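What follows is a single structure, written as structure tokens, with notes after it.
Derivation of every value follows stated rules applied to the coordinates shown; laboratory data play no part. All values reported here derive from a predicted model rather than from experimental measurement. Note that each Cβ is placed from the backbone with ideal geometry, even for glycine, and that neighbours are counted across all protein chains shown.
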Amino acid sequence: MKMGHAIARDIDSKLAADVAGFTQTVGTLGTALADVDVIRSNQYLDDADAPADDRFLILSPAEKANKIGLDRWSNALYVGNPKPAVTGSLGDMYGMNLFVTTNLVKPAGGQANNFAFQREALALIVQRSPKMHLFYDIDFFTWKLASEVIFGHQMMRPTFGVYARGIG
């Protein structure tokens, strides 16, 4: 279980580092994203002719905590779904699916590189799914377990992503 988590985290880290290649920027590092920043992110994606479907906003846990405290992001009357008011889940906002991760690039304490993007902005190819190897190490007289995966990633459409500086 821990190996699979480590591999997934490594892949996520590589993709999170690609955010630096996005052509548009909103927000200020160390300051929570405002609604106007999220709306502007969506506008930048519209300006780039990014398809309206498969849009995502990736936030740090600190940004999530900030947003849950705002009626606009958590009240069922605004969101149209009673679940966010009960669970604290963000769901989607302004046509973007919201996800929270601790695996964002953090330039300094209290800062995070959140980002908004359309699916075509980044490419991930997993050539070989994780493969496990069990072997005996004669030097240490013990069995060892190793895992390997072959993957690649690339920024495909930098205009389909927005670097959203905020809190972390």
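What to note about this one:
- For the chain, adding -39500 (n - 2.57) for each run of n ≥ 4 DSSP H residues and dividing by the number of residues yields -8500 deg cm²/dmol at 222 nm.
- Of interest is the spacing of the C-alpha centroids, which for the stretch 1-49 and the stretch 91-135 amounts to 8 Å.
- Near Ser147, once Lys and Arg are set to +1 and Asp and Glu to -1 for all other residues with Cβ below 15 Å from its Cβ, the sum equals +3.
- Mean separation of Cα contacts under 8 Å (6+ apart) over length of the stretch 2-166, as relative contact order %: 35 percent
- Packing-based order for 43-49, 129-135, 108-114, 146-152, using average beta carbon neighbours within 10 Å, highest first: 108-114, 43-49, 146-152, 129-135
- Distances between placed amide hydrogens fall under 5 Å for Val100 paired with Leu59, all partners being 5 or more residues away or on another chain.
- For the chain, the longest principal axis of the C-alpha atoms and the axis of helix 2-17 are separated by about 50°.
- Scanning residues 5 or more positions from Met156 or on other chains, those with amide H under 5 Å from its amide H are Leu122, Ala123, with H placed 1.01 Å from N in the peptide plane.
- In degrees, nearest ten, helix 35-47 long axis to first principal axis of the chain (Cα): 80 degrees
- Counting neighbouring Cβ atoms within 10 Å and putting the fewest first, the residues Leu98, Leu15, Leu33 line up as Leu15, Leu98, Leu33.
- Distribution of pairwise C-alpha distances over the chain, 10 Å bins, in %: 10, 33, 30, 16, 7, 3, 0
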